[in-house]
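All of the numbers you see were taken from the coordinates with simple rules; none came from a lab. The structure displayed is predicted, hence computed values, not measured ones. Methodologically, a virtual Cβ is constructed for each residue, glycine included, from the backbone with ideal geometry; neighbour enumeration extends over all protein chains shown.
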Amino acid sequence: MGIKLFDIMSQSEIFNFGDSNSDTGGLVAGEGFRLGLPFGQTFFKSASGRFCDGRLIIDFLMDAMNLPFLNPILDSVGAPDFQNGCNFATGGATIRPANAAAQSPFSFNIQVAQFIRFKTRALEFLSQDTELEGYLPTEEIFSQALYMFDVGQNDLDGAFYSKSEDEVIALIPTLLSALAYGIENLYSQGARNFWIHNTGPLGCLPRIINPYRKDSSKLDQFGCVASHNRAVNLFNMKLHDLCINLRQELPEANVTYVDIYSIKINLIVNYSQYGFEQPIAACCGYGGPPLNFDSRIACGVTKNLNGSTVTANPCDNPAVYVNWDGNHYTEAANLFVFQQILSGNYSDPPPPANQTPFLAGLEVKSC
């Protein structure tokens, strides 16, 4: 069975695992990674540790539940409490242990290990001082909380740098086995409610398209790199199978598979229907149309290129762009994805036909 989207509103605690798609400051805190403005400019008006101009999907979820944003486990300074859960996600994280300098050292297995230590220490402190219940999760909270996952994109992305498409596809069973092991480990720790995002259309990111943009044979009809999206689709299909298997193997588990890929590809293909003007070009980048992306200079950076000093500045209106910096989505796109998730149309199992739509009565703050 799965945790119904309507029932998420009754959850007041979330433990999140993943990469930059849901990192609320973990990499910045854990590695001292410098991520200043224009990141964060749209909502936070200052650097927020997020790889976005504003809020992420996880932020909109917390907003909808009238809860504070999730604190990164690696950044406890200034955090009022962890009673509502915490975030283990870090930018660049992979399912498999990191093996490249560009990847976060906080891979999924490390994030699970961090959670286990966090839980152990929290329960130890609570056994010594019950007044800490206002700041730390209890055993009951750990068992009733929602455990969210969005990871795998960086494994596939990184593999394509050194492997053929067939070799990347051959890696998928290993990735899913490692993911399953981590989820089963969390289940053994008392976790019961799992919400698993599949991977978005990797081949539609400007950074991925850039090396192939002059070879139309590598691109699909939407201008996305076909090989990368084929691999992602197979990964997602096998991830869906894994979710079904987990429901059978973990008898008390509620496992919901969320089809992020379908939401994002629909947004990219039909962008104008949803008020967007740029489906693939980066808002914050350098180089102009069609991608506004140059791998030599990152968003917000000033650099000397070909004898000239240039800056990768943000666009005037990020709300009409799907992509923020060549790698990540804008706040406006994240809001769209969030609203589609909560419709219940992209989850398996789906909400019952007679269930009140999850968005009914919610005040979701717009961009």
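What number comes out for the charge environment of His328, summing +1 per Lys or Arg and -1 per Asp or Glu over other residues with Cβ under 11 Å away?
-3
Kirkwood hydrodynamic radius of the stretch 209-346 from all distinct Cα pairs, in Å?
17.0 Å
So for Glu331, Glu184, fewest C-beta neighbours within 10 Å to most, what's the order?
The most exposed by this proxy come first: Glu184, Glu331.
Do any GluC sites (Glu not before Pro) in the stretch 201-294 lie in a loop, going by DSSP, with at most 15 other beta-carbon atoms within 10 Å of their beta carbon, and if so which?
Here the GluC sites (Glu not before Pro) that fit, given the DSSP loop and packing criteria, are Glu252, Glu277.
Could you give me the percent of Cα pairs per 10 Å distance bin for the stretch 12-53, shortest bin first, beginning at zero and ending with the bin that holds the maximum distance?
It works out to 30, 50, 19, 1, in whole percents.
Name the aspartates and glutamates eligible as straight-distance cross-link partners of Lys303: C-alpha to C-alpha under 20 Å, and not fewer than 8 places from it in the same chain.
Asp294, Asp325
Order of Asp155, Asp23 from fewest to most other C-beta atoms within 10 Å?
Ordered by Cβ neighbours within 10 Å, fewest first: Asp155, Asp23.
If each residue's Cβ is checked for other Cβ atoms within 10 Å, how do His328, His240 rank with the fewest at the top?
So the residues, fewest neighbours to most, are His240, His328.
Pairs Lys238/Lys264; Lys45/Lys163; Lys45/Lys218; Lys45/Lys214: which are spaced more than 29 Å apart, C-alpha to C-alpha?
Lys45/Lys163; Lys45/Lys218; Lys45/Lys214
With +1 on each Lys and Arg Cβ and -1 on each Asp and Glu Cβ, and nothing else charged, work out how big the dipole of the chain is about its Cα centre, in Debye to the nearest 20.
The dipole magnitude comes to about 960 debye.
Of the residues Asn270, Asn233, Asn317, which exhibits the maximal mean-square fluctuation in a Gaussian network model of the chain defined by a 10 Å Cα contact cut-off?
For the chain, modelled as a Gaussian network with Cα springs under 10 Å, the answer is Asn317.
Between Asn306 and Glu184, take the C-beta separation as r, use R0 = 51 Å, and let me know the FRET efficiency to the nearest 0.05.
The pair Asn306/Glu184 has a calculated efficiency of 0.45.
If you add up the charges near Tyr161, with Lys and Arg at +1 and Asp and Glu at -1, over every other residue whose beta carbon is less than 14 angstrom from its beta carbon, what do you get?
With Lys, Arg at +1 and Asp, Glu at -1, the neighbours total -2.
What is the sum of charges, Lys and Arg at +1 and Asp and Glu at -1, for the other residues whose Cβ falls under 15 Å from the Cβ of Ala113?
+3
Beyond 36 Å, what share of the Cα-Cα pairs of the chain remains, rounded to the nearest whole percent?
Within the chain, distances greater than 36 Å cover 18 percent of Cα pairs.
Pick from Asn99, Asn210, Asn87: which is most flexible by mean-square fluctuation in a GNM of the chain where alpha carbon atoms under 10 Å apart are linked?
The residue with the greatest mean-square fluctuation here is Asn99.
Note the direction-averaged projected area, equal to a quarter of the hull surface, for the Cα convex hull of the stretch 24-108, in nm².
5.8 nm²
Cut-off 10 angstrom, C-alpha nodes, Gaussian network model of the chain. Which of Ile297, Ile280, Ile183 fluctuates the most?
Comparing Ile297, Ile280, Ile183 in a Gaussian network model of the chain, the most mobile one is Ile297.
Determine the gain in length on full extension of the stretch Val269-Thr130; use 0.36 nm per residue of separation and subtract their C-alpha separation, reporting nm with one decimal.
Taking 0.36 nm per residue and subtracting the Cα distance, the gain is 44.7 nm.
If the chain between Gln248 and Asn345 were fully stretched, how many nm would it gain, using 0.36 nm times the residue separation less the Cα-Cα distance?
Difference between extended and current length: 32.6 nm.
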